[in-house]
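Input: a single structure, listed below in structure tokens.
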Amino acid sequence: MPTKTDTYFRHLKPAEKDYKRSDDGGLFMLVTTTGSKLWRFAYRYDSKQKLLAIGPYPIVSLVDARAKRDEAKRLLAEDIDPSVERKAERRQARIARANTFEAVAKELMEKFEAEGDAPTTLKKKQWLLDFANQEFGKRPIAELKAPEILDALRKIERRGRHETATRARSTIGAVFRYAIATGRAERDPTGDLRGALITPKVTHRATIVEPHAVGALLRAIDGFEGQAVTRYALKLAPLMFVRPGELRKAEWTEFNIASAEWRIPAAKMKMRRPHRVPLAPQTLAILEELRELTGGSKLLFPSVRSWHRPISDNTLNAALRRLGYDKTEITVHGFRSTASVLLNESGKWHADAIERQLAHQETNEIRGAYTHAAEFWQERVRMMQWWADELDRMKELGRVLRKSA
């Protein structure tokens, strides 16, 4: 049993030369001329005498020094050199400090950018990561645990932003999965948070699907008295039912009037794959009128402030508000839902053809490969013609009813 006490080591004084005072089992204290007291462990490994620095006293107490000595002896019993193990631990610690959540997140964002993610998508992801970085960005990613991440996400929840908290968890999880793939973390703790966050209420985009109401909306658009460019955009939105950003950024060079199709490049698409839109004669007629107005610009719908910039995000929704339609009734994006519902309800078209025309991503890889190869193009051409005719029919329906009344 060790005979020396903490009091003994505490009262050791510096001398003209450094000196040692042994404890037990190879543990000793080195007292320097400057008054420093340093714990050391002397041992033999591979027939060589070696020293392991344990730490300064009193930061490392006698009890702690003995525990570290015993741990070193356990490693020796397993034929592991404690000094080599210490260096490995320090190297791992340095790697961990370098591989912070923020550093890994930055690499992942660079990967997303190199893969061609849309600027809007990149901006949304970075906004969520900025919040995470503020909370634990400087921490080694391998050390982060589920409760710490949950505490951060609940700060978002307390503001009533439940959907944002859910999206933040997903984005944080993507960083962890990238860290696992690159050898800097062993697991994704966000998986442990399933069910811990408040489930956001699903709010569907406002849309109109009742034929009489659709007809009334189309007639209101025809009578829009604002900017002509805005009116043409509103007239084309239900006919082509692309996403609002794809519509407002459309360029004349993307349209082939001879083959009656609009080819949207992958860079403009949400799913980052090119998309084709068949153009019915009604659509071509509107485009012909529009070209007389904006054919001098590369854009179909240039802003009134600049011929080189498209109309803003809010232009078309604001126009719908001017027509008397509240945001709970219809949005420009809602034209996609209108087309989806009525095309599916008609029973005339294959569901995959409708989904492909909506440019939705196919989640099943085998099914997606078939859909991508065939694209149901000929059926989509017929479908878009039928849809244009159906819009005309709904528009006339209200007129006939009013005349007969």
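The values are calculated or read from the model by the stated rules, or taken from the named source; none is laboratory data. This is a predicted model, so every value here is computed, not measured. No Cβ is skipped: glycine too gets one built from the backbone with ideal geometry, and neighbour counts run over all protein chains shown.
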Margin query: With the requirement that a residue be among the basic types (K, R) and surrounded by fewer than 19 Cβ atoms within 10 Å (Cβ to Cβ), what does segment 321-349 give you?
Written below: R321, R322, K327, K348
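To keep it simple, each residue is scored yes or no on (1) acidic (D, E); (2) closer than 29 Å to P140 by Cα; (3) within 50 Å of the chain's Cα centre (by Cα).
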residue: D23; (1), (2), (3): yes, no, no
residue: T32; (1), (2), (3): no, no, no
residue: L38; (1), (2), (3): no, no, no
residue: L51; (1), (2), (3): no, no, no
residue: E85; (1), (2), (3): yes, yes, yes
Notebook entry, point to check: Hey, K68 hits all of (1) loosely packed, with under 12 Cβ neighbours inside 10 Å; (2) basic (K, R); (3) within 25 Å of P140 (Cβ to Cβ) but one; which does it fall short on?
Noted result: (1)
Margin query: Of all residues being within 31 Å of the chain's Cα centre (by Cα), surrounded by fewer than 17 Cβ atoms within 10 Å (Cβ to Cβ) and not polar (S, T, N, Q) in segment 282-320, which is nearest to T230 (Cα to Cα)? Just the residue, please.
Written below: A318
Notebook entry, point to check: Can you pull out the helices (runs of 4 or more DSSP H) entirely within segment 284-367 that have at least 3 residues that are among the charged types (D, E, K, R)?
Noted result: 351-357
Notebook entry, point to check: Can you name the residue in segment 216-255 that is touching an Asp or Glu at 6+ places or on another chain (Cβ under 8 Å) and within 14 Å of F335 (Cβ to Cβ) and is also surrounded by the fewest Cβ atoms within 10 Å (Cβ to Cβ) among such residues?
Noted result: G245
Note to self: Show the residue pairs meeting these rules: Cβ distance below 6 Å; 6+ apart or different chains; first residue within segment 126-150 and under 12 Å from G173 (Cα atoms); second residue among the acidic types (D, E).
What the structure shows: A146/D192
Note to self: Looking at (1) surrounded by fewer than 18 Cβ atoms within 10 Å (Cβ to Cβ); (2) touching a helix residue (DSSP H, G or I) at 6+ places or on another chain (Cβ under 9 Å), which one does G183 not meet, given that it meets all the others?
What the structure shows: (2)
Notebook entry, point to check: Pick from H212, H204: which is loosely packed, with under 14 Cβ neighbours inside 10 Å, at pLDDT 90 or above and either in a helix (DSSP H, G or I) or out of contact with any Pro (no Cβ under 7 Å at 6 or more places or on another chain) (or both)?
Noted result: H212
Margin query: Which numbered condition in (1) of a type in the set (K, R); (2) crowded, with 17+ Cβ neighbours inside 10 Å; (3) part of a loop (DSSP other than H, G, I, E, B) is the only one that R159 fails?
Written below: (2)
Notebook entry, point to check: When segment 230-249 is examined, which residues are found to be over 12 Å from L316 (Cα atoms) and hydrophobic (A, V, I, L, M, F, W, C)?
Noted result: L239, M240, F241, V242
Next item on the list: Would you check which residues across segment 270-281 are surrounded by fewer than 18 Cβ atoms within 10 Å (Cβ to Cβ) and not basic (K, R) and list them?
Entry: M271, P274, P281
Notebook entry, point to check: Is there a residue being without any contact (Cβ under 8 Å) to a residue 12 or more places away in the chain, in a loop (DSSP other than H, G, I, E, B), in contact with an Asp or Glu (Cβ under 9 Å, 6 or more places away or on another chain) and among the hydroxyl-bearing types (S, T, Y) anywhere in segment 172-185?
Noted result: no
